[in-house]
Amino acid sequence: MSEFLTTPIEFLKGVGPQKAELLKKELNIFSYQDLLLHFPFRYIDRSFYHQVADLPYVNTYTQLKGRIVQLQETGIGRSKKLIAKFQDATGVIDLIWFQNFQWIKSNLKIHQEYQIFGRPKIYGNTWNIPHPEMMEFSSVKIIEGFQPVYHSTEKLGTAGLHSKGIEKIVRQLIEQIPGKIRENLPQYILNHHQLMSKERALIKVHYPLNEQDIQQSTFRLKFEELFYLQTELLLRKQITATKSIGGVFKSVGNHFLSFYEHHLPFELTGAQKRVLKDIRKDVHSGHQMNRLIQGDVGSGKTLVALLTMLLALDNGCQAAMMAPTEILATQHYVTIKEFLKDLPIEVALLTGSTRVKARRILHEGLQNGKVQILIGTHALIEDTVQFQNLGMVIIDEQHRFGVAQRAKLRSKNTLAPHILIMTATPIPRTLAMTFYGDLDVSTIDELPPGRKPITTIHRFESHRLRLFGFMKEEIAKGRQIYVVYPLIQESEKLDYNNLMQGYEAISRAFPMPTYQISMVHGKLKPEDKEFEMQRFVKGETHIMVATTVIEVGVNVPNASVMIIESAERFGLSQLHQLRGRVGRGAEKSYCILMTGDKLSKESQLRMETMVETNDGFKIAEVDLKLRGPGDIMGTQQSGDLNLKIADLSKDGQIVMLARDLARQILAKDPSLTADENQILRHEMINVLNSKPNWGSIG
Ligand code: ADP
Ligand code: MG
């Protein structure tokens, strides 16, 4: 980095020690470079004037042109204020000052034409603009520019560094940069993608004259950011592939074969077979496998995981499977025990609630190799858990399992264990490319045969009676029904009350002994929960009233209706997961989303998306748009990426472009030795060295 860019921020004219301290504390701005990279998050068009009549439709800063027709001071003491009636051809609006208005009062001229700028607020039924910027129109230069708007904080604001204050110091800096910004993309890339130079982009992004400036400068900067990120990820993948030696699983042995040939209850789907083939190729290569399997709810990932673990066992290794919650881990344990019940394979469960004594025995079994398959929660990667020879780790339903965690797993064994990550919430392509850019990806895009698409319906509270009628018809056909209530930690009590009220209403509409109802919620003792679940699983009850504890695990193929109460309180991926609890048998299944009458736009969109599609990928795309990558991948992981300008939920196109380019370049010049790529090489060495905890890169 050049000396200019690393100059401490307090040396900038107009900053000084006090403001510098605040900039560091509040915005992490330490140097000139940090300030340059504090990009505007939007722009205001200063060449455009709104009219007073438009104000109800403008909910941002606005610029008006007109005259002051009356000036009036009102109130006493602290509630004193100055009100100016401001008029244009379309109407009148109040401009209001609460402070320092003596000066304004003596300087404002009645009937003079002004340009004013500010943010309209509604007060009762009338619109006003508090503390507008005022300029006599005759002295307004024709401003063509767009005004940048910067993130600031309250503390910075009080020190004069609100958005406009930041704009001022940024301009100071911009004036000094010509000739001082080194280009960091090779010329051939600039040419081919018609990109602005770095210097020009930095100037224009802070100081655009027109929309084209904004568009071109942000594109250049986003492209650069994403291109470097993708190059980094592909390089890591390359390095992992050549450096990280993995156990070679040469043979398909007894465990695998005897299960596959004698105990597999059904034929694998084409997609399951294809994914297994990918896996076998990986574990045969001599390198560590790093593979992500995406497969919608119910696509049969557990079985793929099991077969993969058997492969490890056949090659003298132990295998572990990690799930995000205790319920899910236990469910996997039960399922896998059941699959393997006739085979001499030692399977164990380890969760946070495994007792000390049991844990001690388990640790011993893992160290001497007696325990062959370990299933558990995060507890199983704790340092105290040592294996004799861990060869395979399956990670289920963890899209938050990122690069750093994988690095930790690698150190569990002398030979890095193979890693298989499975997810049922498909990750939008652009996110997968970024968060899992260094993984290989397989997709199970086929459901086991006999599944019928689930019909999803959105109903309002007013339809409840008809809903009960429908439920009775389904029960008469011999089907079972889930009714799920939200469970949100903060209002547990409220949720519990809702659940109980719902249960009572259902009990009245579906009286005993004709109808039998199960209920499961977080306050039940584990054995009672188990008992209630079992009654439903065995078909002894018709309706299962539950909180979201039902979300993971249960598999009752005869259940054909999923009713989700207060569906507007669930996120999209959770709704999709819940829906995946039905449609598991051969019967036609339904998912009914019950909501209140008044829905926010966003909730409405969630309901519409659910009704429209069963495709987990499409749902994931919408979810990304609604929630943003931070919520989907975890803010910490998103934070790791440290993106300054690109937005993964909006810039998917640029991600693809950047990835393609990075791939082409590395295919031709894998170690970036060509002359034309020296700039890249230099940047990449810096990046890879600056994030050592990201992986074991030698
Ligand atoms: P998920 O991918 O959501 O983890 P599961 O592994 O739980 O899905 O599988 C869902 C259901 O489908 C289970 O009951 C499982 O036994 C069954 N299943 C898995 N593979 C097949 C197959 N090839 N044919 C029929 N049923 C299958
Ligand atoms: Mg699963």
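The values are calculated or read from the model by the stated rules, or taken from the named source; none is laboratory data. Remember, it's a predicted structure, so these values are computed and weren't measured experimentally. Note that each Cβ is placed from the backbone with ideal geometry, even for glycine, and that neighbours are counted across all protein chains shown.
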### Message
Need pairs with beta-carbon distance below 9 Å; first residue at pLDDT 75 or above and within segment 392-412, second of a type in the set (G, A, S) and within 16 Å of ligand 1 (Cβ to nearest atom); sequence gap 6+ or separate chains.
### Response
I394/A305; I395/A323; D396/A305; D396/A323; D396/A329; D396/A424; E397/A323; E397/A424
### Task
Return yes or no: is E621 out of contact with any helix residue (DSSP H, G or I) (no Cβ under 8 Å at 6 or more places or on another chain), closer than 24 Å to G652 by Cα and assigned to a helix (DSSP H, G or I)?
yes
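Report yes if some residue within segment 474-494 is part of a strand (DSSP E or B), of a type in the set (D, E, K, R) and surrounded by 15 or more Cβ atoms within 10 Å (Cβ to Cβ); otherwise report no.
For segment 474-494, residues part of a strand (DSSP E or B), of a type in the set (D, E, K, R) and surrounded by 15 or more Cβ atoms within 10 Å (Cβ to Cβ): absent.
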### Query
From the list L268, L328, which one is under 25 Å from H576 (Cα atoms) and within 14 Å of ligand 2 (Cβ to nearest atom)?
L328
### Message
For the structure I just gave you, tell me whether R535 is part of a helix (DSSP H, G or I) and not hydrophobic (A, V, I, L, M, F, W, C).
### Response
yes
### Summary
Out of (1) farther than 25 Å from R236 by Cβ; (2) surrounded by fewer than 21 Cβ atoms within 10 Å (Cβ to Cβ); (3) under 25 Å from the mean Cα position of the chain (by Cα), the one F339 does not meet is (3)
## Note on the structure
Of those in segment 302-321 that are of a type in the set (S, T, N, Q) and away from ligand 2 (no atom under 14 Å from the Cβ), the residue farthest from R584 (Cα to Cα) is N315
#### Entry: Matching option when the condition is within 20 Å of G295 (Cβ to Cβ) and within 16 Å of ligand 1 (Cβ to nearest atom), among L420, L431
L420
## Note on the structure
Residue count, segment 285-301, condition farther than 26 Å from G247 by Cα and either modelled with pLDDT under 85 or more than 16 Å from ligand 2 (Cβ to nearest atom) (or both), comes to 3
### Task
Kindly list, by first and then second residue, each pair from a residue in segment 232-259 that is outside the structural domain of L343 (by TED's automatic domain parsing) and surrounded by fewer than 18 Cβ atoms within 10 Å (Cβ to Cβ) to a residue that is polar (S, T, N, Q) and in a helix (DSSP H, G or I), limited to pairs with Cβ atoms under 6 Å and residues at least 6 apart or on different chains.
none
### Task
Evaluate segment 196-213: report whether one residue or more is under 30 Å from L657 (Cα atoms), under 32 Å from the mean Cα position of the chain (by Cα) and in a strand (DSSP E or B).
no
### Flag if L64 is aliphatic (A, V, I, L, M) and closer than 28 Å to E225 by Cβ
no
### Query
Any chance segment 219-235 includes a residue that's part of a helix (DSSP H, G or I) and either within 16 Å of ligand 2 (Cβ to nearest atom) or over 26 Å from the mean Cα position of the chain (by Cα) (or both)?
no
### Task
Would you point out the residue of segment 437-455, among those that are in contact with a strand residue (DSSP E or B) (Cβ under 7 Å, 6 or more places away or on another chain) and closer than 26 Å to I564 by Cβ, that is farthest from ligand 1 (Cβ to nearest atom)?
T455
### Message
Would you confirm, using the coordinates I've provided, whether G124 is more than 15 Å from Q72 (Cα to Cα) and surrounded by 12 or more Cβ atoms within 10 Å (Cβ to Cβ)?
### Response
no
## Note on the structure
Of those in segment 423-456 that are small (G, A, S) and buried (at least 18 other Cβ atoms within 10 Å of the Cβ), the residue farthest from ligand 2 (Cβ to nearest atom) is G437
### Query
modelled with pLDDT under 80 and either outside any helix (DSSP H, G or I) or among the polar types (S, T, N, Q) (or both), is that true of I142?
yes
### Task
Within segment 300-331, count every residue that is touching an Asp or Glu at 6+ places or on another chain (Cβ under 7 Å) and within 25 Å of I454 (Cα to Cα).
1
### Message
For the list (1) surrounded by 11 or more Cβ atoms within 10 Å (Cβ to Cβ); (2) at negative phi, I need the number of the one condition that G160 fails.
### Response
(2)
### Query
With (1) part of a helix (DSSP H, G or I); (2) out of contact with any helix residue (DSSP H, G or I) (no Cβ under 7 Å at 6 or more places or on another chain); (3) surrounded by fewer than 19 Cβ atoms within 10 Å (Cβ to Cβ) as the list, and K408 as the residue in question, which single condition is left unmet?
(2)
